[in-house]
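Single-structure report; data block below.
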Amino acid sequence: MLERPQEGEYQGFVTGYINLVPEGDLIALLAEQQAETNRIYSGLSNEKAEYRYAEGKWSLKEVLGHVTDTERIMSYRLLRIARGDSTPLPGFDQDAYMEGNPFEGLSVSDLLENYNAVRQATIVLLKQLPKEAFTRLGISNQLPLSARALACIIYGHERNHLTIIQERYLNS
């Protein structure tokens, strides 16, 4: 694995996501996570994929769409910071991305196709970055963030959602 991000490379709520990353090769962990997500979603009927464990909660389709959107945004931030772009990057409103139920009309296979394309792009990006790029710092959502912290956030964010899926969607 890349060395874990150090103090000063991240702060705030993303700490919880970074803490979810196990020791090991991060690229291999991302590939294993991708396989896990594909196993979970490829076995879902459309009815189950539209299940919400409580009123006001996202469906499984929306969760996958959200995870994919978030990874796409985090990978973009990672690229900019890794390349030395010092332009402060804005935050994003995850709820605004969900307005109009953009994922409900898509099939599970469509959502997985999008997810897999984004994850593969993230993995290729990480494989091709020079070692020194991972420790570069930028500003995202008004907070300092390193490229390697972003790589860990991508894994940890999805791990958080996979845990919720197992506990609240698939075990109900």
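The values are calculated or read from the model by the stated rules, or taken from the named source; none is laboratory data. Keep in mind that this is a model prediction, so the values were computed, not measured. FYI the Cβ positions are ideal-geometry reconstructions off the backbone, even for glycines, and counts take in every protein chain you see. The accessibility values were calculated without ligands, DNA or RNA, using every heavy atom of the protein model including side chains. Shrake-Rupley method; radii C 1.70, N 1.55, O 1.52, S 1.80 Å.
Work out from phi, with θ = phi - 60° and the Karplus expression 6.51 cos²θ - 1.76 cosθ + 1.60, the ³J(HN,Hα) of each residue of the range 20-28, listed in order in whole Hz, and give x for Gly and Pro.
7, 7, x, 5, x, 6, 4, 5, 5
Only one of the listed values, (1) 24, 20, 16; (2) 28, 17, 15; (3) 31, 15, 14, was derived from the coordinates as semi-axes √(5λ) of the Cα gyration tensor in Å; which label is it?
(2)
Just to verify a number: what accessible area does ILE27 come out at with the full protein assembly present, 1.4 Å probe, Å² rounded to tens?
Roll a 1.4 Å probe over it and ILE27 shows about 50 Å².
Name the residue farthest towards the positive end of the dipole of the range 32-172 from the options TYR97, ASN160, LEU145, assuming +1 on Cβ of Lys and Arg, -1 on Cβ of Asp and Glu, about the Cα centre.
Going by the charge dipole, the pick is LEU145.
Calculate what fraction, in whole %, of the accessible area of the chain sits on carbon and sulfur atoms when a 1.4 Å probe is rolled over the protein chains.
About 50 percent, which is the carbon plus sulfur part of the accessible surface.
Provide the per-residue ³J(HN,Hα) series for the range 48-60, in order, calculated from phi with Karplus coefficients 6.51, -1.76, 1.60 and θ = phi - 60°, each as a whole number of Hz, with x at glycine and proline positions.
Result, rounded to whole Hz: 5, 5, 9, 5, 10, 6, 7, 4, x, 8, 6, 6, 4.
Cα centroids of the range 105-123 and the range 131-160: how far apart, whole angstrom?
Going from one Cα centre to the other spans 22 Å.
Spelling out what I want: for every residue of the range 99-111, take phi, set θ = phi - 60°, compute 6.51 cos²θ - 1.76 cosθ + 1.60 (Karplus), and round to whole Hz; glycine and proline get x.
4, x, 6, x, 9, 5, x, 9, 7, 4, 5, 5, 5
In debye, nearest 20: dipole of the chain around its Cα centre with unit charges on the Cβ of K, R (+) and D, E (-)? Provide the component values of the computation, followed by the final result.
Numbers: 17 positive and 23 negative charges, 85 e Å.
With Lys and Arg at +1 and Asp and Glu at -1, about 400 debye.
Just order 110-121, 15-26, 57-68, 149-160 by mean Cβ neighbour count inside 10 Å, highest at the front, would you?
With the highest mean Cβ count within 10 Å placed first, the list reads 149-160, 57-68, 110-121, 15-26.
Hey, can you grab everything whose amide H is under 5 Å from the amide H of SER140? Only 5+ residues off in sequence or another chain; H modelled, so Pro and N-termini drop out.
Amide H neighbours of SER140: LEU89, LEU145.
Leaving out ligands and nucleic acids, and using a 1.4 Å probe, what accessible area per residue does the chain come to in Å²?
Numbers: 8720 Å² over 172 residues.
Accessible surface, normalised per residue, equals 51 Å².
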